[in-house]
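> Before I ask anything, here is the structure I am working with.
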Amino acid sequence: MRLSLRFIVPLVLALGAIAYGVAPLVDDLTLRWFVRDLDVRSKLVANAVQEPLAETMTADLGPAARQHRLESVLGRIIQDERLFAIGYCDAGGKFAYRTVTLPRNIACRPPGSPAEEAGRVHHFSGGSLHVATHPMTVDGTRMGELVIAHDMSFIERRSADTKKYIFYLFTGIGAVIALITVVIAELSWRGWVAGIKALIRGQLLAQSPEPRAKELKPIARDLEALVRDLEAERRMRDESQMTWVPETLRTILREDLKGDEILIVSNREPYIHVRQGGRVDVLRPASGLVTALEPVMRACSGTWIAHGAGNADREVVDQKDHVRVPPENPSYQIRRVWLTKEEEAGYYYGFANEGLWPLCHIAHTRPVFRASDWEHYRAVNKRFADTVVSESRTPNPIVLVQDYHFALLPRMIREQLPEATIITFWHIPWPNPEAFGVCPWRAELLDGMLGSSILGFHTQFHCNNFFDTADRYLEARVDRETFTISYGGAPTEVHRYPISIEWPLQGLAGQPPVPECRRAIREELGLAPDVALGVGVDRLDYTKGILERFAAIERFLEMEPSWIGRLAFVQIAAPSRSSIDEYQSLDARVRSAAQRINDRFASPGCKPIILKIEHHDAGRVYTHYRAADFCFVSSLHDGMNLVAKEFVATREDERGVLILSQFAGAARELPEALIVNPYDTEQCAAAVRDALTMAPDEQRARMRSMRALLQEFNVYRWAGRMLLDAARMRNRRRLATGMRLPGTTPGAPRT
Ligand code: GDG
């Protein structure tokens with residue numbers, strides 16, 4: 001049905017019903033008014049004839065003369081056009097006179113009948129008459145009764161007219177109301193349709209225009225949620241259908257990003273040149289980040305900007321500090337940024353690693369904030385921002401900023417390249433607002449990070465903490481529904497991108513079979529073939545909970561002395577940030593704890609703790625994973641923890657048990673591990689016992705499930721999801737700048 005008819009038809013029906021109900025009421029009312037009028041009129045007539053009639057009836061006249069006079073008196077009155085008939089009843093109750101028009105069935109009332117107050121209505125085939133009787137008295141003596149009949153046809157005519165007018169009135173009112181309604185409805189409808197269209201387009205283009213009509217606000221909210229859900233669903237479906245290999249990233253770059261320029265900024269470089277003896281070697285630091293992002297770089301021939309930290313780095317760069325890598329097949333370039341010793345001490349060791357690292361990890365190590373470190377941090381961030389700008393060939397590159405070393409960088413880049421798509425990934429946890437709030441430069445850090453287009457954390461928990469922190473310390477609009485924070489007008493999307501490892505692990509290719517690894521490592525460590533082996537692999541860092549892990553092993557051996565001499569735990573601890581006091585102290589404490597436990601529980605040929613504080617190459621690390629019966633990850637706090645994932649990935653035999661701290665991001669993805677609280681020594685010791693006694697079938701079931709997850713969510717998917725989100729943003733921007741939306745401001749959304 002047409003929109004206007006939808007309003008008119010019910011209106012007409014309602015008005016018709018009202019008119020139908022009102023007409024008889026009005027009719028009845030007017031009839032009563034008229035009857036009352038006729039009563040009064042009859043009384044007037046009766047009063048008017050009272051005197052002549054009394055004279056006639058009392059005069060000394062013969063019957064014929066009296067009759068004649070009576071006719072003359074009453075005949076005059078009957079000339080009134082409304083007065084239809086008249087009669088006079090004598091004292092005996094008989095008509096002494098009646099006009100011929102008085103219907104026969106109207107008779108005189110019996111003598112002595114009480115006087116009538118009002119007339120009666122008589123209905124005849126030809127119409128209705130109002131008949132009133134009035135007693136005629138002379139000197140108080142009742143002589144007879146006057147019967148006066150009024151024609152009521154005029155009332156019926158008027159009643160018909162009234163009905164007609166009521167009909168016209170309602171028709172008129174109906175027409176006017178219908179017209180106004182239809183015009184308003186039509187205008188509102190058009191407004192709503194235009195508003196909804198703008199909303200839909202705004203949503204699809206991430207413009208989120210404020211609906212002009214207030215009544216569209218609830219629709220806008222629902223629509224926003226719907227579009228978001230649909231988009232997330234579609235993304236998830238598309239992502240699951242893709243096979244995540246390096247080639248997939250290349251396809252995304254080619255098809256979704258249309259070959260846009262990509263720059264990566266990280267503190268650590270993907271290749272380090274070091275002079276060893278007389279020759280320059282190229283080292284590739286074992287890092288998940290490099291594994292994930294290198295295929296991106298190789299595919300787009302982009303530029304990776306990093307601190308040139310190798311002692312031969314300067315020797316191999318060109319005049320613009322570029323070096324092409326990978327050495328065997330150069331396909332992208334590193335742009336090295338040089339830092340003085342003071343800058344490195346202030347920016348890297350100082351503010352980043354003595355300030356931000358303990359600030360973001362709840363590991364009960366006090367952060368140290370020095371104004372001089374902060375100055376270096378700011379200056380180095382600025383240097384990197386300027387480098388990004390100078391390296392950028394286009395006004396809108398995609399810049400992938402890595403980690404807590406560069407919190408200020410996004411805003412600094414944004415100021416110089418407002419069109420850039422800046423994706424910042426924060427590899428470490430984000431604490432709650434109270435913990436973060438102790439930083440003297442908290443607002444500056446938040447402001448810097450919110451220069452990003454997209455801000456990524458490993459877990460939703462860290463994203464939520466970031467929302468709370470921004471909400472607490474900035475005048476920002478935090479929208480948890482759309483995962484955006486608007487600060488200074490432009491929104492930053494905050495999303496969860498759990499990092500992962502490559503699948504399958506390339507390093508596995510050269511690995512001997514698991515039984516061979518078990519045999520080789522035990523032999524190497526001087527252990528009997530049947531000694532159970534646990535493994536821990538970490539940078540030597542206080543957040544990794546190495547001391548808590550040792551305490552658990554110690555407690556386990558106290559609880560289960562039968563395992564003394566049958567269990568060894570090998571801890572690989574790569575030296576890290578060793579110029580920082582806290583790390584030196586940790587080194588000493590770890591060594592002494594290992595010594596103490598070994599002193600207590602060592603037996604011939606089996607030390608319970610085998611501590612290897614040195615860097616191992618990746619292959620050696622994997623062999624240890626494969627040789628172990630369990631892997632113990634006891635981080636006090638960890639963004640993700642790749643060791644847990646690597647251990648699972650190396651166990652194609654589907655054996656081995658993972659003990660995993662509940663405070664590592666990985667615990668959210670790997671619930672099949674034995675999840676522990678590293679602060680709870682008893683619980684951790686019990687987990688060691690459970691791991692050592694777990695039936696092979698259970699080990700297999702748990703491993704299989706964890707391996708399936710890692711296969712599906714590998715590191716290429718981690719990088720790919722960020723690139724796809726960048727592509728989605730850029731696409732929206734292109735559409736938005738291509739077609740200006742009604743109701744949107746000319747300030748384009750940030751991408
Ligand atoms: C940060 C976050 C997040 C360790 N020792 C050696 C060695 N490793 C390798 C491991 C693993 C990597 O280092 C350590 O990665 P984690 O994830 O465990 O920890 P962080 O270094 O603290 O990394 C963390 C990560 O960023 C990624 O976002 O998961 O939460 O803190 O790959 O195998 N590798 C070699 N020799 C060693 O001695 N080759």
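> Which of Ala470, Val399, Gln460 sits closest to the plus end of the dipole of segment 369-514, meaning its Cα is farthest towards the positive end, when Lys and Arg get +1 and Asp and Glu get -1 on the C-beta?
Val399
> From the C-alpha gyration tensor of the chain, pull out the three semi-axes of the equivalent ellipsoid (sqrt of 5λ each), sorted largest to smallest, in whole Å. Could the numbers behind the result be given before it?
On the way: eigenvalues 2226, 198, 97 Å².
Ellipsoid semi-axes (Å, largest first): 105, 31, 22.
> So, one more: Going by average Cβ density within 10 Å per residue, which order do the peptides 665-678, 535-548 take, highest to lowest? Walk me through the intermediate numbers first.
Details: 665-678: 21.4, 535-548: 23.5.
Highest mean packing first, the order is 535-548, 665-678.
> Which whole-number percent gives the relative contact order of segment 52-167, counting Cα pairs below 8 Å spaced six or more residues apart?
23
> Here is a further query. Which cysteines in the chain lack any other cysteine whose Cβ sits under 4.7 Å from their own Cβ?
So, Cys300, Cys360, Cys439, Cys463, Cys517, Cys606, Cys631, Cys684.
> Could you give P(r) for segment 367-435, binned at 5 Å from zero, as whole percent values over all Cα-Cα pairs?
Whole-percent P(r) values from 0 Å outward: 4, 16, 23, 22, 17, 10, 6, 2, 0.
> When the Cα atoms of segment 256-496 are enclosed in a convex hull and the volume is divided per residue, what value in Å³ results? Don't jump to the answer; show the numbers that get you there.
Details: hull volume 31.8 nm³, N = 241.
Taking only Cα atoms, segment 256-496 has a hull volume of 132 Å³ per residue.
> Mind computing the radius of gyration and Dmax over the alpha-carbon atoms of segment 331-394? Å is fine for both.
Gyration radius and largest Cα-Cα distance of segment 331-394: 14.3, 45 Å.
> Whole Å is fine, so just give me how far the alpha carbon centre of segment 32-69 lies from that of segment 175-190.
The two parts, judged by their Cα centres, are 63 Å apart.
> Computed on alpha carbon atoms, what radius of gyration and Dmax characterise segment 2-156, expressed in Å?
21.9, 86
> Would you work out the relative contact order for the chain, in percent, from Cα pairs under 8 angstrom that are 6 or more residues apart? Provide the component values of the computation, followed by the final result.
Values: 1237 pairs, mean separation 75.3, N = 751.
Answer for the chain is 10 percent.
> Which shape class applies to segment 552-661: rounded if a/c is under 1.5, otherwise prolate when a/b exceeds b/c and oblate if not, where a ≥ b ≥ c are the square roots of the Cα gyration tensor eigenvalues? All intermediate terms of the calculation are to be shown ahead of the outcome.
Values: a/c = 1.64, a/b = 1.04, b/c = 1.58.
Oblate is the answer for segment 552-661, as a/c is 1.5 or above yet b/c matches or exceeds a/b.
> Determine the share of segment 256-496's accessible area contributed by carbon and sulfur atoms, expressed in whole percent, with a 1.4 angstrom probe. All intermediate terms of the calculation are to be shown ahead of the outcome.
Numbers: 4330 of 9150 Å².
Taking all protein chains in place, segment 256-496 shows 47 percent carbon and sulfur surface.
> Before I look further, what does the chain give for accessible area per residue, probe 1.4 Å, in whole square angstrom?
That works out to 46 Å² for each residue.
The values are calculated or read from the model by the stated rules, or taken from the named source; none is laboratory data. Being a predicted model, the structure only gives us computed values, none of them experimental. Neighbour counts run over all protein chains shown; Cβ positions are idealised from the backbone, glycine included. Ligands, DNA and RNA are stripped out before the accessible areas are found, and what is left, the full protein with its side chains, is counted by its heavy atoms. Shrake-Rupley method; radii C 1.70, N 1.55, O 1.52, S 1.80 Å.
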